[in-house]
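Written below as structure tokens is the structure these notes are about.
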Amino acid sequence: MRLKPKLCLGIETSCDETALALIDSGQVVESVLASQVDLHAKFGGVVPELASREHYRWLGLLFDDLILRTKLNPQDLDLIAVTRGPGLLGALLVGIGFAKGLALGLNKPIIGINHLHAHLLVVGEALVYPALGLLVSGGHTHIYYMLGPNELILLGKTIDDAAGEACDKFAKMLGLPYPGGAVLDACAKVGQADAKLFPRPYMRNDNLDFSFSGLKTAGLTYVQSHAHLIAEGKAYREHKTPVSAEFNNTCASYLLAVADTLQLKLHRAYLQLQTQGKEVLSLVVAGGVAANSKVRASMQSFAEEKSIPLLLPSMDLCTDNGVMVAYAGYLLGQLGLEHDLDFRAIPRGQKIPEDWRPKTL
Ligand code: KG4
Ligand code: ZN
């Protein structure tokens, strides 16, 4: 009989971070990461072909490094978990190809991981189900009702830009360096937000979907009529020239609009679940934008008001990492799930099938 997996390797290559991690009985043993941010910054965004090549260049080196640091024998692995989507297809294929090769060579089980679910699950064992989950990343803004690690019910999503995209694009309009979200946040932290400056878009409906295009347009209109801000952003990008209080205030106002929009729809989701008699025992907010100070503060106040425990990943686990993939693999492995070697990579925009098979006991 095959035992439940203890030592799980996670491999993440869905976008511009090559990351691996080892989890032992739910605890992080070690994690390694090679970021391609500087490479893509030259182009103002991720170049898919370059991303794939970089993953290919780094994966083997990082795997060797991980094994060296932990002094583990690859034969000790119980399960290999790899992000199968959503993401850039070529980038995913590099990680999946590597993972399948390992699984075959070591004769170990493998499981393909939904990157979005992994972002949420990384908060660890404090997550009590049923939970309300908000995943806010560069490409996605999803609200889930979470019944278990393998049962995430999608309640709402963005119909256009994701929250992270809305941040990155506004930062770009301001002339700030790529990727803009974190820089925008750094400016916002020392600014004063004006709650009336930007709209909370797509609220006059009764659904749980998001649309950030209206906010983006409002941001563009504002920036175009305040061109001196663009000059400041550019000077910061090129020479690290400090920006003005007005610049910081603008960033703070924009991010407050993002945070409020997320909170308003999450609140609506909570009320709808309550009306349906569905319990919410914890609130999880994860993904790159969960690193944002305004989003964190806004979620904190929402959770306090509703007296629900809020689970936010640490800053390094908000953005893409290998730990979340290893941990999601570990959790699914505890449920006896794994994949055959023929599971597919799923690019962004396509639904990820739940085509695990129970392992043969
Ligand atoms: O989850 P993630 O690392 O990658 C995806 O799966 O997309 O999220 C990346 C996104 C980017 O849009 C980035 O600008 C945003 O997260 N981000 C932030 C912050 N840190 C990362 N946005 C706002 N404030 C931050 N502190
Ligand atoms: Zn991500």
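Any read-out appearing in this document is the output of simple, stated calculations on the displayed coordinates, not a laboratory observation. As the structure is a computational prediction, the values presented were derived from the model and not from experiment. Please note: Cβ atoms are built from the backbone with ideal geometry, for glycine as well, and neighbour counts cover all protein chains shown.
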3J(HN,Hα) from dihedral phi, segment 106-116, Karplus parametrisation 6.51/-1.76/1.60, rounded to Hz, x for glycine, proline: 8, 6, 10, x, 10, 9, x, 10, 6, 4, 5
Backbone N under 12 Å from the Leu208 label point (7 Å along Cα→Cβ), restricted to segment 338-361: none
Acute angle (nearest 10 degrees) that the helix 213-224 long axis makes with the longest principal axis of the chain, alpha-carbon atoms: 50 degrees
Sequence-distant aspartates and glutamates (8 or more away, or on other chains) whose Cα lies within less than 20 Å of Lys278: Glu151, Asp206, Asp209, Glu304, Glu305
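Would you mind finding the longest exposed-site-free stretch of the chain, with exposed GluC sites (Glu not before Pro) meaning DSSP loop and at most 14 other Cβ atoms within 10 Å? The partial results should precede the final answer.
Values: sites that count: Glu125, Glu279, Glu354.
Between the exposed loop sites, the longest stretch runs 126-278.
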Förster radius 30 Å - calculated FRET efficiency between Leu89 and Arg57, Cβ distance, rounded to 0.05: 0.95
Calculated [θ] (222 nm, deg cm²/dmol) that DSSP helices of n ≥ 4 give over the chain, each run adding -39,500 (n - 2.57): -14000 deg cm²/dmol
Note, ³J(HN,Hα) from phi for segment 226-232, Karplus 6.51, -1.76, 1.60, rounded to Hz, x at Gly and Pro: 10, 4, 4, 5, 5, 5, 5
Cys with no candidate disulfide partner in the chain (beta-carbon separation under 4.7 Å rule): Cys8, Cys15, Cys167, Cys318
Distance violations [Cα-Cα > 31 Å] among Lys169/Lys351; Lys4/Lys157; Lys196/Lys234; Lys6/Lys294: Lys4/Lys157; Lys6/Lys294
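Cα gyration tensor of the chain, axes a ≥ b ≥ c as square roots of the eigenvalues: rounded (a/c below 1.5), prolate (a/b > b/c) or oblate? Show your work: numbers first, answer last.
Values: a/c = 2.18, a/b = 1.41, b/c = 1.54.
Oblate shape, in that a/c is at least 1.5 and b/c is the bigger or equal ratio.
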Relative contact order for the chain, counting Cα pairs under 8 Å that sit 6 or more residues apart, in percent: 25 percent
Global geometry of segment 234-361, whether rounded, prolate or oblate, following the gyration tensor of its Cα atoms and the 1.5 cut on a/c: oblate
Estimated distance in nm for a label pair at Leu264 and Thr241, the labels positioned 7 Å out from Cα along Cα-to-Cβ: 3.6 nm
Global form of segment 253-295, assessed from the alpha-carbon gyration tensor, a/c cut-off 1.5: oblate
Nonlocal amide H pairs with Lys6, under 5 Å, H built at 1.01 Å: Asp78
At R0 = 30 Å, FRET efficiency that the Cβ-Cβ distance of Ala186 and Gln300 yields, to 0.05: 0.95
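For segment 82-227, what's the relative contact order in percent, using C-alpha pairs closer than 8 Å and at least 6 residues apart?
Values: 191 pairs, mean separation 23.3, N = 146.
Relative contact order of segment 82-227: 16 percent.
Apply the Kirkwood formula to segment 268-334: the hydrodynamic radius equals the inverse of the mean of 1/r over all pairs of different alpha-carbon atoms; give it in Å with one decimal. Walk me through the numbers on the way to the answer.
Numbers: mean 1/r = 0.0742 Å⁻¹.
By the Kirkwood definition, the hydrodynamic radius is 13.5 Å.
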Alpha-carbon centroid distance for the pair segment 46-82 / segment 202-263, whole angstrom: 37 Å
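Loop sites only, by DSSP: take the trypsin sites (Lys or Arg not before Pro) in the chain that have at most 12 other C-beta atoms within 10 Å and name the longest stretch containing none of them. Walk me through the numbers on the way to the answer.
Working: sites that count: Arg2, Lys42, Lys71, Lys196, Arg204, Lys240, Lys351.
Here the longest segment lacking exposed loop sites spans 72-195.
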